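Student: Pasting in a structure now, in structure tokens, and then I'll have a few things to ask.
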Amino acid sequence: MTDIAATASPSTQTTTLPARLAKGFVDRLVIIIPYLWLLFFFLVPFIIVFKISLSQTAISMPPYTPVLDFSDGISGFFAGFRELNFDNYTWLTQDALYFNAYVTSLVIAGISTILTLIVGYPIAYGMARAPATIRPTLLMLVILPFWTSFLIRVYAWIGILKPEGLLNQLLMSLHIISQPLVILNTYTAIFIGIVYSYLPFMVLPLYSSLEKMDYSLVEAAEDLGCPPIGAFWKITFPLSLPGVVAGCLLVFIPAVGEFVIPDLLGGSQTLMIGKTLWNEFFSNRDWPVSSAVAVILLLVLIIPIMFFQQAQAKAQEQGR
Amino acid sequence: MNSTWSRFNITSIVLGFAFLYLPIVLLIVFSFNESKLVTVWGGFSTKWYVSLFHNQGLMDATWVTARVGVISATVATVLGTLAAITLTRYTRFRGRVLFSGMVFAPLVMPEVITGLSLLLLFVAVGLDRGFFTVTLAHITFTMCFVAVVVQSRLVSFDRSLEEAAMDLGAPPVKTFFQITLPVILPAIISGWMLAFTLSLDDLVIASFSSGPGATTLPMKIYSQVRLGVTPEINAACTILIAVVAIGVIIASIANKRREIQRQLDEQAAQRG
């Protein structure tokens, strides 16, 4: 008996035909259920967005009732599909507002990503070098804010940053400033909001690559006379690069389309594409134009997203 | 390692955690403020909590959010676990690249895009927007997070355990439920919790996919925040934070206990 079990590989164990058929059926079911779900709720919606972005504003619009009831607008809605045109896109390129919104969003997301990296790296490094016994606790402390509502964390900053807010009260009572600083409703507030909200996304991948690192390499470099900062740039930073890339992508991509932070902290003077899309949809009720905005945003982000997927797939291969 | 580096490490950790936690602490502190001004301390009071419970709109929204969260997290956990198994176990099937793309892309996809596209899907198929559509939308974007969490556990899973069970004659489905599932259960539980809190949190996707009668708590908070910052919102936020914090702490204690139990079992097995 033991001999048979030892020689037979697990794949040949299910030898009877019904058993193999059953296994094949289960295998297929395991793949098909999530596959179909994602196809229908993730991929198909994009195709619909693309189609609507090509339809004419007037034809495909649902009725302008406050409750947005579509029951009688469906036929008109589909009629829009037949008359595809690129008017919405030409309109987007002609209006400088949209172009500016895209560029500003990319720049803000880029700067915020670098700031998040600068703030997050020392934290991740400190965690990775902490005694092994307290590392799980530190890790949980980084993850915990992520569990509390994003909206709440952004909201908390309003009370801190506004002209009569806590930061200004503190600075004025310390006589560092005499006039309250105007931070809320500026781009500075958006930077603070993004760095704060996305910090765990940066720290976690950085930490996981720094923790795996072999620090005897750094010690060897220092023994050979390399100054600590030189050793950091020559050894630690290059070895943590996968974490840096993953962290930056996890911050940059969602930050480009961020809505809550520019809306609550940026005020009406700041311009970001996520807010533009939201306003186009909810205030102007212009679905085709907001669809076109979404399509272009997706095109802008497709390269970083594919980059991210490749990094994920690679990490998965290595973990296997 | 010399002492200047470790001092630098401690300082950066302390400053980093202060930055992460101070805003939340201040928010909680000012929810107990007597004064209506959120930023001026007027003495300790719990009156905002009392007025909160008399705010019918807020209570309704909380109920909607809790139901959406439980249902969507549960379905998303099943789907996400299946997706994780597909990603780790079936390395060759047609359309695998597309599949892994569809699992990873929603993790970073800007919410406005996901929200808009789901809304347009619901309109196209003629679904009335409301409780059901919000739940569907939340299942879709949270299942990918569950998939990633469960997948990371499956990757490090020792497959010889499964092989042993199948060598002893257990059919694959039984092997899954008796061997694989118990081992990946902690990841499945944390996946469920992650899905639940993501659903609890979500403003953008819910705003797009929701309809009349299905206002979630974040939507309610958002509409009130736009009118101005009040201690009542602070109180609502504090309760939400408390609920999540208690859940996370209970889960981590349970996890720790299980870990200790497992170590004891292993030691006993080695002795025996």
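Quick note: the coordinates plus some simple rules give every number you see, no bench work behind them. Small disclaimer: the values here were computed from a predicted structure and weren't measured. Cβ atoms come from the backbone with ideal geometry, glycine included; neighbour counts cover every protein chain shown.
Student: Beta carbons within 10 angstrom, averaged per residue: use that to sort the peptides B:156-163, B:172-179, A:244-251, highest first.
Tutor: Those peptides, ordered most packed to least, come out A:244-251, B:172-179, B:156-163.
Student: Which whole-number percent gives the relative contact order of chain B, counting Cα pairs below 8 Å spaced six or more residues apart?
Tutor: Answer for chain B is 30 percent.
Student: Would you calculate, for chain B, the mean residue ellipticity at 222 nm contributed by helices, counting each DSSP H stretch of 4 or more residues as -39,500 (n - 2.57) and dividing by all residues, to the nearest 500?
Tutor: Per the formula, -26500 deg cm²/dmol.
Student: Considering only Cα-Cα distances, which of the following residue pairs are longer than 31 Å: A:LYS212/A:LYS275; A:LYS23/A:LYS212; A:LYS212/B:LYS256; B:LYS36/B:LYS220; B:LYS47/B:LYS220; B:LYS174/B:LYS256?
Tutor: A:LYS212/A:LYS275; A:LYS23/A:LYS212
Student: Here is a follow-up. Region B:249-271 to region B:216-242: how many Å between their Cα centroids?
Tutor: So the separation of the two Cα centres works out to 39 Å.
Student: Can you give the mean number of other chain Cβ atoms that lie within 10 Å of the Cβ atoms in peptide B:198-211?
Tutor: 3
Student: Using the count of nearby Cβ atoms within 10 Å as a rough guide to exposure, how do B:THR180, A:THR93 rank from fewest to most?
Tutor: In order of increasing Cβ crowding within 10 Å: A:THR93, B:THR180.
Student: Could you rank the peptides B:122-129, B:248-255 by their average count of other C-beta atoms within 10 Å per residue, with the highest value first?
Tutor: Result, highest mean first: B:122-129, B:248-255.
Student: Okay, moving on. Need one value for A:190-202: mean number of C-beta atoms belonging to other chains within 10 Å of its residues' C-beta atoms.
Tutor: What the average comes to for A:190-202 is 1.
Student: If you count, for each residue, the other Cβ atoms within 10 Å and average over each peptide, how do B:258-264, B:146-152, A:143-149, A:94-100 line up from highest to lowest?
Tutor: Highest mean packing first, the order is B:146-152, A:143-149, A:94-100, B:258-264.
Student: On average, how many beta carbons from a partner chain sit within 10 Å of the beta carbon of a residue in B:95-107?
Tutor: 6
Student: If r is the Cβ-Cβ distance from A:THR188 to A:LEU36 and R0 is 56 Å, what FRET efficiency results, to the nearest 0.05?
Tutor: After rounding, the FRET efficiency stands at 0.75.
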